[in-house]
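Since the structure comes first, as structure tokens, the remarks are kept for the end.
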């Protein structure tokens, strides 16, 4: 290709890239954003009693969750290390199941494990977690699931800090985070409506 042709194409290419960068925002009107908003609203509106098992059809899960949340929670996927939304979160609060709203982990049990995923040394309540043997990929691991809806959360390993010695290595895509101040506000609002 000669230099004159390259210089004649370059301004048009640069303009096209600029237009794409300026006007393409995947969060604006994206299906994923709408699904995430719908999922968050559904989680808030559903009762989070652990006795109430949540069962949905595959289609209902697809409609409720974003494609990434669905891949992680319903197909036992994982997000790339060091990329999860809650990997570096240090704010006080509660981590709930993205699919059903069950309380899974408290921020005071979260620690930096160096693994690349949010890590906790204990669940909020052991009844909210179900552990299952996972022999996929030729490894022997313990998978962690939400006991209310069966969502895949991640895995638990016996190399964590005291007092438990456990490391719950959890995908951010399987969680929603409720900051402590909004949890208290919600509790106060609940008391006022009783």
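The values are calculated or read from the model by the stated rules, or taken from the named source; none is laboratory data. Since we're looking at a predicted model, the values are computed, not measured. Using ideal geometry, Cβ is built from the backbone for each residue, glycine included, and neighbour counts are taken over all protein chains shown.
Structure values in brief
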{"read-out": "Residue identified as more than 24 Å from residue 71 (Cα to Cα) and at pLDDT 95 or above among 104, 166", "value": "166"}
{"read-out": "Flag if residue 23 is exposed (fewer than 10 other Cβ atoms within 10 Å of the Cβ) and either within 24 Å of residue 178 (Cα to Cα) or at pLDDT below 95 (or both)", "value": "yes"}
{"read-out": "Residue within the stretch 147-159 that is loosely packed, with under 14 Cβ neighbours inside 10 Å and modelled with pLDDT of 95 or more present", "value": "yes"}
